[in-house]
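Beneath this line is the structure, given in C-alpha cells, with notes to follow.
Every number here is computed from the coordinates shown, using simple stated rules; none is lab data. These figures come from a predicted structure and were not determined experimentally. Here the Cβ positions follow ideal geometry from the backbone for every residue, glycine too, while neighbour counts run over all protein chains shown.
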Number of protein chains: 2
Amino acid sequence: MTEPSSIRDRNGLTEQEYLQAYDASIYERPSVTVDMLIFTVLNKEQDNYRKLPEKSLQLLLIKRGEHPFIGQWALPGGFVSVHERVEDAALRELKSETNIENIYMEQLFTWGDVERDPRTRVISCSYMALVDRTSLDIQAGDDAADAKWFEVAYHVFQEKKTNLDHGYELEKLLKITLRNGLETVSATVKIVEVVSGRSTRVSREVVDSQGIAFDHAKIIEYAIERLRNKIEYTDIAFNLMPPLFTLSELQQVYEVLLGKELLAAAFRRKMASMVIETNEFTKDAGHRPSKLYRFNPNWNRN
Amino acid sequence: MTEPSSIRDRNGLTEQEYLQAYDASIYERPSVTVDMLIFTVLNKEQDNYRKLPEKSLQLLLIKRGEHPFIGQWALPGGFVSVHERVEDAALRELKSETNIENIYMEQLFTWGDVERDPRTRVISCSYMALVDRTSLDIQAGDDAADAKWFEVAYHVFQEKKTNLDHGYELEKLLKITLRNGLETVSATVKIVEVVSGRSTRVSREVVDSQGIAFDHAKIIEYAIERLRNKIEYTDIAFNLMPPLFTLSELQQVYEVLLGKELLAAAFRRKMASMVIETNEFTKDAGHRPSKLYRFNPNWNRN
DNA sequence: ACAATAGTGTCTCTCAGACATTATTCG
DNA sequence: CGAATAATGTCTGAGAGACACTATTGT
C-alpha cells in the first residue's frame, strides 16, 4: 500500500532493516480453523399425491474419524494455512464437501474461547453457505465419506427472566436436534442476555451435547439465528432456491426458516419486486399449475 | 463437554493417548490480533449561544511508534495471547485505551488476507466499541500516549454500474477522511459488488492510503457501514448517549450516523417506546428547555 | 420582541394482516 | 365432482412522511 518507510525507529532501524531482523517465531501462536455451516432446503416425502411436499432445513455434518470427539458429528472445516486467505480456506472446504463453487457464503463469527479444542489453542472462523439442493452433487469429495445431511429442528424449552435494577437478565434454554433418519444428535444451548442500563450483553454456552463435537452446537445455534434474521431484510433466501421456483415454494422456505406460517396474499405482495415472472408453469401437480418465477437481481434494496 | 472417549482410532490410540502424543508445534501458525474500532460522538464548537452544537462521529486512532507504518495512524489493537480468549484480548485493549469497562462492544469481522502485515502472517479480528464521550476518561492508558480522536467523514465520490447478463457489477469509490484538528489522514476504498444470478459478492480494497496504516481504512469503512445499518433496527445508538439526554440530541446522533436529516415528529414517535421520560429539563440553553429522557431497557424488540 | 429549539396535531399514503373469493388442475 | 393449490380483491389499522402550528426560554 505504501513505499517502505525510510524513517528510523527508536533502535535506529529503517523499515527494511526492521523487517529483516523481525523474528516471528518467538511468539507462541494459536491455530486458526474455518468451520462451515452448509445449509440447504429439502422436500420431505409426501404420501398424498395432491399435497405439496413439506420442506425442511438441512445442515451438512461430518462424522469424526479421529480424536478428539471420535465418532461424533462435527461441522466440516479445517486448518487455515499460513499461505492462504481465511476466505480461501473456507472456499476450499466448501468445494471439497459439496463439490460446488460460486455459491453464497458469508463469514459468521470468530470463536475465540481458549478451551475449544483439547489438542491445542484453536480459534475458529465460521462461515455460512447456502446451497440450492437441486444443483447439488450430493456428498462428493474425499474427506466427505462420512458427510451427511441432517434435518435441523430447534425450540426454546425454557425461558427465565429476572428483573434487575436498570434492566433484566433473560436466560433461554434452546434444544437443537439434528436428524438423519438413521441417527439423531442433539444439544442444549444456554443463551444469556443481560440488559443493564444502556448496554446489552449476550453469551452462549453449550450445556449438554449428545453426539455433537466441540462447541459446534452453539455455532449452529448462532448460524440459525443469523439466517432467520437476515432472511427478513435481505435476499439470501433465494440462494436456497433453484433457478426457477413457484411463489409457494419460496413461501415454504420462508416458513421453514422463520418457524411460522405466513399469509399468501401478503407474502406475494412483499416478494413481487424481488422476482421476475416467467412464462413457464409447474405441471402434473394434482392441482392448479403454478407460475414459475426467477430472482430479480435488480430489485431495489433501498 | 464430554468425557474422554475410550474409543480407539485407526492407530489404536484412545483419546488420552492421542492427546498426549499430539504435537501442535509441527504446523506453522498465523498470528492473531484484535483491532478495535472505538467510536464516540462529540459536540463541535458553536459560536452562536442559541444554536445547538453540531455533533460529529469520532474514532480513536493511535500513532505508530514502530515499524511497519511508523508515524502513520492505526486502529488500536494487539496480539491475542495463546492463553486468553479473543474477546478478552479485545476487552484488554479497550481498557488500556479508554480506561473504561462495561461498554458496548461487538465483534465485527475477521480479516484474513495473507499480505496484511509485512512482518508475518496476521489474521485480525475486529471489534467495534461505542462510548459515551461524557463518561470517558480521555486518553488514559500507557500505549495511548499517541492516541487521538479523529472526526470521521466519508462520501462516495464515484459509482459505476455495469449491467451483466443476469445481474450487474457495482463499483463504488469511497473517500474516508479522518480529522484531528492538527492532522488529517485519508484513504480511498474501492467496494465492488457483483450480483449475478441469485448470488451477491462484495469485496473491499484500499486503493490509496494517506497516513492510515495497514489495511485499516477498509476496516473503518466496514465498521461505519455496520454502524449505520444497525442503528436502524437496534438500540446501539444509546451506547453513544449519556445516561440522560434530550430527544433532539438523540436525533442529532442518528442524523450524524445516517448522514441525513430526519423529521422531528416522526423521529419522536418512533423513539417513544425506546425511552423513558424523566422530570428533569435542560437549562441555560438560550431557548425553550428540553425534557431529559433515559433509555428504556424493556422496550419491545419484536 | 426575537431567535432559536421543543413539542404536538393532523392529513395522507403506503403497506401488512386478515379473510373472502375466484381459478384451475388431476384423479 | 372433489381435493388441493394458485392467485387476486378488498377492508382495516398501524405507522411513516410531510408540514403546519403552538409553547417556552434567554438575551
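All other residues whose Cβ lies under 13 angstrom from that of B:Tyr233 are scored, Lys and Arg at +1 and Asp and Glu at -1, for a net of +3. Coupling constants for region A:57-74 follow from the phi torsions by the Karplus curve (6.51 cos²θ - 1.76 cosθ + 1.60, θ = phi - 60°), and in residue order they are 7, 10, 10, 8, 10, 10, 7, 6, x, 9, 5, x, 6, 4, x, 8, 9, 9 Hz; glycine and proline get x. Among B:Arg198, B:Arg121, B:Arg64, the largest mean-square fluctuation in a Gaussian network model of chain B, built with springs joining Cα atoms closer than 10 Å, belongs to B:Arg198. Helix B:247-258 axis versus longest C-alpha principal axis of chain B: approximately 50°, rounded to the nearest ten.
For B:Asn48 and B:Asp146, a Förster radius of 35 Å and the Cβ-Cβ distance give a FRET efficiency of 0.55, rounded to the nearest 0.05.
So if we plug the beta-carbon distance of B:Glu205 and A:Asn163 into 1/(1 + (r/R0)^6) with R0 = 56 Å, what FRET efficiency do we get, rounded to 0.05? Here the calculated transfer efficiency is 0.70. Using a 7 Å projection from Cα along Cα-to-Cβ, the label point at B:Val207 is separated from the same position in the remaining copies by 5.2 nm, smallest value first.
Can you give the angle from 0 to 90° between the axis of helix A:216-233 and the longest principal axis of chain A, with both taken from C-alpha atoms, to the nearest 10? Taking Cα atoms only, the helix is inclined about 60 degrees. With the simple model of a label 7 Å out from the Cα in the direction of the Cβ, B:Asp284 to A:Thr278 spans 7.1 nm. For the residue pairs A:Lys95/B:Lys161; A:Lys63/A:Lys218; B:Lys230/B:Lys270; B:Lys161/B:Lys190; A:Lys44/A:Lys260; B:Lys44/B:Lys160, the alpha carbons lie more than 23 Å apart in A:Lys95/B:Lys161; B:Lys44/B:Lys160.
Couplings 3J(HN,Hα) for region A:6-11, derived from phi with the Karplus relation 6.51 cos²θ - 1.76 cosθ + 1.60 (θ = phi - 60°), are 9, 5, 9, 8, 4, 9 Hz, where x marks Gly and Pro. In nanometers and ordered shortest first, the copy-to-copy spacing of the A:Glu183 label point, defined 7 Å from Cα toward Cβ, is 5.6. For peptide B:121-128, the mean count of partner chain Cβ atoms within 10 Å of a residue's Cβ comes to 3. Using the Cβ-Cβ distance between B:Tyr233 and A:Asn11 with R0 = 60 Å, the FRET efficiency computed as 1/(1 + (r/R0)^6) comes to roughly 0.75.
Restricting the chymotrypsin sites (Phe, Trp or Tyr not before Pro) of region B:1-91 to loop positions (DSSP other than H, G, I, E, B) with no more than 16 neighbouring Cβ atoms within 10 Å leaves B:Tyr22, B:Tyr27, B:Tyr49. Proximity of backbone amide H atoms, modeled 1.01 Å from N, is registered between B:Leu136 and no other residue at under 5 Å, excluding neighbours fewer than 5 places apart on the same chain. Only DSSP H runs of four or more residues enter the estimate; each adds -39500 (n - 2.57), and after division by the residues of the protein assembly as shown the mean residue ellipticity at 222 nm equals -6000 deg cm²/dmol.
Working note: Karplus 6.51/-1.76/1.60 with θ = phi - 60° gives region B:100-115 the couplings 10, 10, 6, 10, 5, 9, 9, 6, 9, 6, 10, 9, x, 5, 7, 9 Hz, where Gly and Pro are set to x. Between B:Lys260 and A:Lys172, the modelled labels are 3.1 nm apart [label points 7 Å from Cα along Cα→Cβ].
For A:Asn99, the distances from its label point to the matching points in the remaining copies are 6.3 nm, ordered from shortest, with each point set 7 Å beyond Cα toward Cβ. Each residue in B:Glu15, A:Glu159, B:Glu225 was given a count of other beta-carbon atoms within 10 angstrom of its own, and listing them fewest first yields A:Glu159, B:Glu225, B:Glu15.
Note on chain B: GNM, Cα springs under 10 Å; of B:Ala129, B:Ala285, B:Ala24, the largest mean-square fluctuation is that of B:Ala24. Close amide H pairs (under 5 Å, H built 1.01 Å from N) link A:Leu37 with A:Tyr127, A:Met128, A:Ala129, residues at least 5 positions away or on another chain.
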